[in-house]
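These notes are about the structure you will find just below.
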Amino acid sequence: MNGSPVEAVLLTDARLVGAARPVDVLVRDGRIVAVGPRDTADGRAGVERIDLDGRTVVPGLWDAHTHMTQWALARRRVDLSSASSAAEAVAIVARRLAEQPPPDGVPLVGHGFRDGLWPDVPTAVLLDAAVGETPVVLVSGDLHSGWLSSAGLRFVGAGEGSTGLLREGAWMPFTASIDHVPDDVADAWVEEAARAAAARGVVGVVDYEIADNLDVWRRRMAHGSTALRVRAGVWEAFLDRVVAEELATGDVVVGTGGLLAQGPLKVITDGSLNSRTAFCVEPYPDLTGDGARGVLSIPPELLVPLMGYAHAHGLTCAIHAIGDTANTLALDAFATTGARGSIEHAQLLDPADIPRFAELGLVASVQPEHAMDDRDVADRHWPGRTDRAFMFRSLVDAGVTLVLGSDAPVAPLDPWIAIDAGVTRARDGREPWHPEQRLDLRTALASSTDGRPLTLAVGAPADLAVLEVDPDDQVDAPGGLRAMPVAGTLLAGRWTHRTF
C-alpha cells in the first residue's frame, strides 16, 4: 500500500450463514460500512484487503450471563466436575494435595462438585480424613453450596457445629474470603480468560460478578483490558452509586474506549436445582420441613420496591429465578413495577407463565449447557415435571426473546457449547433429553449475537467472528458445534484473535 495508512479493512470472499454466494465486508472506523457482492467494494489506497478464502462470518458472540472473576479463578482450581461421589471428590482433592500442596495458611480450593446424585454425603469428617489440617474449601458447580474441611471452616470463620456442607445463606457470606486475590493478580487472570473467550469468537459479556463491577472494569480497562465489551451488572449494595452517577442500563462509561457499559440490576430470588434450593410449587422428594420447597431469598415485599427503584432510574432488572414458584413471583414483580429486563435461568416454568414473558416484553436469559449438566438431577429431584424444565422451544414459539449464556464458571465461557446444547439437547453420546425443546440452529445463533442479524447489519459495530466452516456443516461433524473452529475475532474492527 506504498506506506499509506490503513483507514479500513476489506474482508473478501466471506460467506454468510446459509448464503449461496460469497460477499465482501468493508469495515471502517470500527463499523461495518458495506456488505455486498465480491469485487464491488472500495479499492482505494488505505484499505487493507484480507482474503477470508470462503470462511464464514457471523456477528461476534456474546455470553449474556457470566461471573468473570469467578470464572478466572475456577480455571485455576481443582476441577471436581467429574466426581460421581463424595469419596471420589475426596480422592481428587487428595491427589492434588499430594502433587501441589498450597503454601502454609493458604486454602486448597476446588470447584465444580455436584452432589445432587451422589450416593454418599459430603462432610467435613470425610475431608478431614484425607487432608488433615490443610484448609480445604470446595465450591459447588452452581456456586450455591460450599463443602469445607474442619480447617477450611476455621479459615473462613464459619464457627463450630457445621457438618462441613453449607448452602445458600449459610454459604454465600464466606465466598469473598476464598475468592480474594490481589487486584493485579485477579485482573491478569481475568484478562487471560477474556483472551481465551475471544479465541472462541466472543466479543462481549454481561458480568454479574458479586462486586462493584463498574469500579472493577474501569480499573481493568484503564490498565489496557481491550479483549471484550463488558456490560457491568450492579447489585443492590452498589445501586445507589450507579444512581448517583445517573447511569442507566446501556449507557457507555466514559474513559473506557466504548467497551464498558452499565448493565442491569441483578437480584437472586431463589437457590438452585443441584442444591435443592430452587423455590418450587412442589417439595423436593427427600426433603421435609420449611426448606422442602427450596429457598426464597428475596420475597415479593422486598423485590418489588427494589425493582421499582431501579426502574425509576433507568435500569433494567435481571432477576435470577430457577424454580417454578420463583419464576411466577418474578413475573409478578415485573408486572407490578413495569420494569423491563430479563429473567435469568428460567429453568422450571408453569406453562401458563410462558406467554407472560412476551406480554411483559421480557427476555429469557438461559444457559442450555445447564440442561445437560442437570438432566439426571432434574429427573430425580423434579420427577414428573421435566417436560416443563429448560423450555427453550416453547419460549421461542411464544414469541419470547431468548439470549444464551454460560453462567461461567457454572458452565464454560464458550458460546459454541451453549449453542450445541440448545440445538441438540444431548451430550456425551446420550439420547437427546426432551428433544421437543430443541432450538433450531438459526435461533440458537441469533440468541448469541446480541441482537445483531446473521446477515450483518451495515452501520453496526464491526464485532465479527470468522469461522473455518459454516455452522450448518459443523452440526454433524466430529465434536459438533462444540468443536467449532474459530479463525478470527474482530472487535470494533481490530483483531482480538486471528489464526490465518
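The values are calculated or read from the model by the stated rules, or taken from the named source; none is laboratory data. Everything numeric in this text was worked out from a predicted model, so none of it was measured. Every residue, glycine among them, receives a Cβ derived from its backbone with ideal geometry; neighbour counts consider all protein chains shown. When the accessible area is computed, the model is the full protein with side chains, heavy atoms only, and any ligands, DNA or RNA have been set aside. Shrake-Rupley method; radii C 1.70, N 1.55, O 1.52, S 1.80 Å.
Odds and ends about this structure:
- Once both labels are positioned 7 Å from their Cα atoms along Cα-to-Cβ, the gap between D350 and R430 label points is 2.9 nm.
- Accessible surface ranking that places the most exposed of R154, R229 first, with a 1.4 angstrom probe: R154, R229
- Extension gain (nm, one decimal) between A188 and T499, 0.36 nm per residue minus Cα-Cα: 109.7 nm
- Other residues whose C-beta falls under 14 angstrom from the C-beta of D53 contribute a net charge of 0, scoring Lys and Arg +1 and Asp and Glu -1.
- Placing one equal scatterer on every Cα of the stretch 306-455 and applying the Debye formula, the log10 ratio I(q)/I(0) at q = 0.09, 0.12, 0.20 Å⁻¹ is -0.27, -0.48, -1.28.
- Binning the alpha carbon pair distances of the stretch 179-278 at 5 angstrom intervals from zero yields the distribution 3, 12, 21, 21, 19, 14, 8, 2, 0, expressed in whole percent.
- Annotation note: GluC sites (Glu not before Pro) in the stretch 162-259 located in DSSP loop regions with a Cβ neighbour count of at most 15 within 10 Å are E245, E246.
- Highest-first arrangement of 283-291, 451-459, 300-308, where packing means the average Cβ count within 10 Å: 300-308, 451-459, 283-291
- Surface per residue (accessible, 1.4 Å probe) for the chain, Å²: 39 Å²
- Projecting the Cα positions of G338, A98, G257 onto the charge dipole of the chain (unit charges on Cβ atoms of Lys, Arg, Asp and Glu, taken about the Cα centre) puts G257 furthest along the positive direction.
- The stretch 385-455-the stretch 80-143 distance, computed between alpha-carbon centres (Å): 31 Å
- Karplus-derived HN-Hα couplings along the stretch 118-129 (A = 6.51, B = -1.76, C = 1.60, θ = phi - 60°), whole Hz, x at Gly and Pro: 5, x, 10, 9, x, 9, 5, 4, 5, 5, 4, 4
- Helical contribution to [θ] at 222 nm, DSSP H n ≥ 4, -39,500 (n - 2.57), averaged over the chain, rounded to 500: -8500 deg cm²/dmol
- Looking at the stretch 197-271 alone, DSSP beta bridges between its own residues are antiparallel in about 10 percent of cases.
- For L239, the shell of other residues with beta-carbons less than 12 Å away shows a net charge of -2, using +1 for Lys and Arg and -1 for Asp and Glu.
- Orientation-averaged projected area, Cα convex hull of the stretch 70-188 (nm²): 7.0 nm²
- Take every DSSP beta bridge whose two residues both sit in the chain; close to 45 percent of them are antiparallel.
- Built amide H within the under 5 Å cut-off of G341, gap 5+: C317, V363
- Of A232, W171, I210, farthest towards positive along the dipole that unit charges on Lys, Arg, Asp, Glu beta carbons give the stretch 107-260: A232
- Along the stretch 308-320 the Karplus relation, 6.51 cos²θ - 1.76 cosθ + 1.60 evaluated at θ = phi - 60°, assigns HN-Hα couplings of x, 5, 4, 4, 5, 10, x, 9, 6, 10, 10, 10, 5 Hz to successive residues, with x for each Gly and Pro.
- When you restrict to C-alpha pairs under 8 Å that are six or more residues apart and normalise by the size of the chain, the relative contact order lands at 17 percent.
- Most positive-pole-ward Cα, L464, Q437, A477, against dipole of the stretch 424-485 from beta carbon charges: Q437
- Net charge in the neighbourhood of D397 (other residues with Cβ under 13 Å of its Cβ; Lys, Arg +1, Asp, Glu -1) is 0.
- Remark: the stretch 228-349 projects, on average over all directions, an area of 8.3 nm² (convex hull of Cα atoms).
- Computed from phi, the 3J(HN,Hα) profile of the stretch 49-66 under the Karplus parametrisation 6.51, -1.76, 1.60 (θ = phi - 60°) reads 9, 10, 7, 7, 6, x, 5, 8, 10, 10, x, x, 8, 10, 10, 7, 7, 9 Hz, with x in place of Gly and Pro.
- Restricting the calculation to Cα atoms, every distinct pair contributes to the Kirkwood radius of the chain, found to be 23.7 Å.
- Shape call, the stretch 118-195: gyration tensor on alpha carbons, a/c limit 1.5: prolate
- Calculated P(r) tail over 16 Å for the stretch 9-129, as whole % of Cα pairs: 73 percent
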